[in-house]
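Okay, so here's the structure we're looking at.
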Amino acid sequence: MNLLNRIKALPQKIYAHRKKILVRTGIFLLAALLLFKVLDWLYPLSTQRLSYSSVVLSSDGSIMSAFLSKDDKWRIQIRKEDIPEGLKKAFIFKEDKYFYYHPGINLVALIRAFFQDIRARKVVSGASTISMQVVRMLSPEPRTFLNKFKEIFRALQLESHYSKQEILEMYFNLLPYGGNVEGIKAASLIYLHKLPIDLSPAEIAALMIVPNSPRHYRFDNNNGAIVTARNKWLTRMGKAKLFKGKEIEQAIAEPLFAKRKEIPRIAPQFCIQMVNKFKDQAYIQTNIDLNMQKKAQNVLTEYVQKLALWNITNAAVLIIRNKDHAVMSYVGSANFDDVVHQGQVDGVDAIRSPGSALKPVLYALAFDQGLATPKTILYDVPTNFSGYQPLDYDRIFRGKVTVEDALLNSLNVPAVKMLSNMDISTYINVLENGGCHSLVSQQKKLGLSLVLGGCGIKLKELTGLYVTLANGGQFAPLRYTKTDPEIKPIQLLSPESSFMVSHILTEMERTDVPANMDDAEHFPKIAWKTGTSYGHHDGWCVGFNDKYTVGVWVGNFNAAESQELSGASCAVPLMTQIFSTLNYYNDFNWLKFPAHLGIRWVCTETGKMPDKWCNNLVPDYYIPGVSTTEKCDHMKTVYTDEKGTISYCQSCLPKAGYVEKLYPSYPPEMINYFELYKIPYKKIPPHNPECPRVYNDHSLAIQSPVNGMQYLLMKEESHNIMLKCSAGNDVTTIYWYVNDKFFGKTKPDESLFFTPNDGMVKVSCTDDKGRTAHVKISVKEI
């Protein structure tokens, strides 16, 4: 009976015993898990060593350049899409067949290795999984029993924080290939000259071999040993049917042409800029068109070689796609490796004087303010702007010119006069809002010479301004990378003024067309403008149509001058060659007429609305509601005696003996120009000397130079200062003195010029009635 009861009770005891074991096992596992979590929190896994090389990509994903990682390694991040299935299968087959089935450690392999190590009394077999290898590569330590336990713990940590795919990517990124080359992608590019996705089975097998002993199996130095070991593993993989039999046969027969080669280095200055801007970013995909970049670099390099005879050693080019402001090509210098000529300087980002290249924006602003239209008449004559006396490039004054001619021929005096007629701060604000941020730090120094290049800006800023003209006056920042947001543009200039300026800049009858330029028929149908800095240090040209804007700078990075250097002779040919590599139009249909732009007839004498005496008319663009509707005043009625020797005003008009006559109405500066250059013109007779109005005040006053003014005279420019006074109606002769020494005599309405010396200068004049006036000025040559 007792035996029977014991037999009946036996299953219950077994069940209770198993339950006890299960409970204890569960408690143990829970405690182990809790302990692991505590240790994981106390000793977190660090992957800080996993820093990558920064790789700059073109718009199509091609590698333009790469830079060492923080720890000076060529470690180019391999991403999921870069890993071919064959590569993954091959490495897992060789290193860790159960990679997808274990939690980071292979217990069976560990136990086997443990007894092997005990018998040998040293670590001879590590039984390392891929996860354990990743841990060891992240934190290399000597191979000891203690470190093996640490490695096991870290492998478990790694598996708890990362997916199998992420661990595999880390593994492929950390594999050593000798020297400072780490990771499959870096090794593939540097030694096999192709991307991992394009690797053959033979090349995959070769990449499997090297990490086991990078010093022995070194690409280029020991390709034979690599091939021998590679073929052994290819045979094993063939037996395991990882690849098709034919693929294995071809792989074994495939020679290994592994040789170290530098990673591409395209647009180096641009790539350096991108890496500095996007620090610690593994991949920077830009908007650069690789084909366009290579063509621009080749054209520029070949072109600069031809300029060497003129002592011109460098150039820079920037190409912008107008519709989205994307930077398509960025050439910073002729040769980055040319140390003698400072080839590593970035010509696109260097601050230089733009010469006359800012004039189009000035005239566009003048159009928007109603100050002018293309046919408005300006005066290219000697003019003194409070001590500043600009000259044209050829030192020739042309007298009366239209805005159109002034811009096309880049005349300086009309541009300075136009700027003096507006608030200069408005012009500066337009330039700054248009991306010329280099001007911000120069504001206190900017004056009327700004429009002639009396400032410093960058090629990328100048080119961005012209993109604004191409886009109907809308400005947005340049976009260098695919991740740069498309910012909503601001309306910097009106579509009407942008069109008028662009239309003017398409004309070919101009002084900055190079004499050696090919037939105009082959000239790109674009709008363009040049600039030459003072002293012939910089030559500029920016050309555009509706698709692209091309900015060019030519010069020397050491600021050496060359008398042959100008925008017309040096920058225009390069710009046209670059534009010819693009898809450009053969006509000007790209220039779209704005809906709110008008056309009207104006008088050729002033560019104003015609009056009754205007016989010569010409069509002109204008902005309705903005452009002035002032009537032409180039003629005026004058009362004279019958012989035309005396003129009268209403105060002295006699009751009889006078006639009405029409005389040209010239501004004072134009009359001075006629008198200075002995140009005949129809003069208004002298005013009635017996007139009682205003002429009772016979005071004598010097108008130029201005009393107390400091005159800064540029070296190598004209040092002449104009002598001009206002005198009474009874005066016929003015006598001039400089530092109390007689200088010369003039009529009251005539000007005289003198060349001063540095320092304080006293200027005096005396009329033939004995009245005297004095001023003192200071002169400094800079």
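Report yes if Leu256 is out of contact with any Gly (no Cβ under 7 Å at 6 or more places or on another chain), among the aliphatic types (A, V, I, L, M) and either under 22 Å from Asp82 (Cα atoms) or open to solvent by 20 Å² or more (accessible area, probe 1.4 Å) (or both), otherwise no.
Taking the combined requirement at face value, the residue satisfies it.
Any idea which of (1) at pLDDT 95 or above; (2) of a type in the set (Val, Ile, Thr); (3) under 30 Å from Asp338 (Cβ atoms) is the one Ile504 doesn't satisfy?
Only one criterion is unmet by Ile504, namely (3).
Checking the condition over 22 Å from Ala364 (Cβ atoms) and either in a loop (DSSP other than H, G, I, E, B) or open to solvent by less than 30 Å² (accessible area, probe 1.4 Å) (or both), which residue from Lys643, Lys636 passes?
After ruling out the rest, the residue left standing is Lys643.
If I ask for residues that are open to solvent by 80 Å² or more (accessible area, probe 1.4 Å), aliphatic (A, V, I, L, M) and at pLDDT 95 or above, which ones from the stretch 592-605 would you list?
Ile599 - this is the single residue of the stretch 592-605 that is open to solvent by 80 Å² or more (accessible area, probe 1.4 Å), aliphatic (A, V, I, L, M) and at pLDDT 95 or above.
Pull out all pairs, ordered by first then second residue, where Cβ-Cβ is under 7 Å, the residues are six or more apart or on different chains, the first lies in the stretch 452-471 and is touching a residue at least 40 places away in the same chain (Cβ under 8 Å) and among the basic types (Lys, Arg), and the second is surrounded by fewer than 24 Cβ atoms within 10 Å (Cβ to Cβ) and assigned to a helix (DSSP H, G or I).
These pairs meet every condition: Lys458/Ser438.
Do you know which residues across the stretch 424-470 are open to solvent by less than 20 Å² (accessible area, probe 1.4 Å), small (Gly, Ala, Ser) and not in a helix (DSSP H, G or I)?
Residues satisfying the conditions are Gly434, Gly435, Gly453, Gly456.
Restricting to the stretch 386-413, give me the number of residues that are at positive phi and open to solvent by less than 50 Å² (accessible area, probe 1.4 Å).
The number of residues fulfilling the criteria is 3.
Scanning for something at pLDDT 90 or above, basic (Lys, Arg) and over 21 Å from Gln297 (Cα atoms), does the stretch 547-563 turn up at least one residue?
No - not one qualifying residue is present in the stretch 547-563.
Is it the case that some residue within the stretch 205-219 is farther than 22 Å from Lys246 by Cα, open to solvent by 40 Å² or more (accessible area, probe 1.4 Å) and of a type in the set (A, V, I, L, M)?
Looking for residues that are farther than 22 Å from Lys246 by Cα, open to solvent by 40 Å² or more (accessible area, probe 1.4 Å) and of a type in the set (A, V, I, L, M), one finds none in the stretch 205-219, hence no.
Say whether the condition of being of a type in the set (Lys, Arg), surrounded by 15 or more Cβ atoms within 10 Å (Cβ to Cβ), over 15 Å from Pro268 (Cβ atoms) and within 20 Å of the chain's Cα centre (by Cα) is met by at least one residue in the stretch 278-290.
No, the stretch 278-290 contains no residue that is of a type in the set (Lys, Arg), surrounded by 15 or more Cβ atoms within 10 Å (Cβ to Cβ), over 15 Å from Pro268 (Cβ atoms) and within 20 Å of the chain's Cα centre (by Cα).
Restricting to the stretch 76-99, what's the tally of residues that are open to solvent by 30 Å² or more (accessible area, probe 1.4 Å) and under 15 Å from Ala155 (Cβ atoms)?
2
As an exercise: evaluate Lys294 against (1) closer than 13 Å to Val331 by Cβ; (2) open to solvent by less than 50 Å² (accessible area, probe 1.4 Å); (3) not small (Gly, Ala, Ser) and give the number of the one condition it does not meet.
Among (1) closer than 13 Å to Val331 by Cβ; (2) open to solvent by less than 50 Å² (accessible area, probe 1.4 Å); (3) not small (Gly, Ala, Ser), Lys294 violates only (2).
Collect the residues in the stretch 365-385 that are out of contact with any helix residue (DSSP H, G or I) (no Cβ under 6 Å at 6 or more places or on another chain) and either part of a loop (DSSP other than H, G, I, E, B) or open to solvent by 30 Å² or more (accessible area, probe 1.4 Å) (or both), keeping them in residue-number order.
Gln369, Gly370, Leu371, Thr373, Lys375, Pro382, Asn384
Please specify each residue of the stretch 734-755 satisfying the condition of being surrounded by 15 or more Cβ atoms within 10 Å (Cβ to Cβ) and either more than 11 Å from Leu723 (Cβ to Cβ) or hydroxyl-bearing (Ser, Thr, Tyr) (or both).
Hits for the stretch 734-755 are Tyr735, Tyr737, Thr746, Pro748, Asp749, Ser751.
Just one of Pro176, Pro201 is modelled with pLDDT of 85 or more and buried (at least 22 other Cβ atoms within 10 Å of the Cβ); which is it?
Pro201
Taking the stretch 327-369, which residues are under 23 Å from Ala470 (Cα atoms) and of a type in the set (Asp, Glu)?
If the condition is that a residue be under 23 Å from Ala470 (Cα atoms) and of a type in the set (Asp, Glu), then Asp349, Asp368 are the ones that fit.
How many residues does the stretch 606-633 hold that are in contact (Cβ under 8 Å) with a residue 12 or more places away in the chain and open to solvent by 30 Å² or more (accessible area, probe 1.4 Å)?
18
Taking the stretch 534-571 on its own, how many of its residues are in a loop (DSSP other than H, G, I, E, B) and open to solvent by less than 10 Å² (accessible area, probe 1.4 Å)?
4
For the stretch 137-146, give me the residue count where each residue is open to solvent by less than 70 Å² (accessible area, probe 1.4 Å) and either modelled with pLDDT under 70 or of a type in the set (D, E, K, R) (or both).
Total satisfying the criteria: 0.
Return yes when Thr511 is open to solvent by 20 Å² or more (accessible area, probe 1.4 Å) and hydroxyl-bearing (Ser, Thr, Tyr) and no when it is not.
Yes, satisfied.
Among the residues of the stretch 311-327, count how many are more than 17 Å from Gly473 (Cα to Cα) and either open to solvent by 10 Å² or more (accessible area, probe 1.4 Å) or of a type in the set (Val, Ile, Thr) (or both).
6
Scan the stretch 737-761 for residues that are assigned to a loop (DSSP other than H, G, I, E, B) and of a type outside the set (Gly, Ala, Ser) and jot them down.
Asn739, Asp740, Lys747, Pro748, Asp749, Glu750, Thr755, Pro756, Asn757, Asp758 - these are the residues of the stretch 737-761 that are assigned to a loop (DSSP other than H, G, I, E, B) and of a type outside the set (Gly, Ala, Ser).
The values are calculated or read from the model by the stated rules, or taken from the named source; none is laboratory data. Just so we're clear, the structure is a prediction, and the values are computed from it rather than from any experiment. Every residue, glycine as well, gets a Cβ built from its backbone with ideal geometry; the counts of neighbours run over all protein chains shown. Heavy atoms of the whole protein, side chains included, go into the accessibility calculation; ligands, DNA and RNA do not. Shrake-Rupley method; radii C 1.70, N 1.55, O 1.52, S 1.80 Å.
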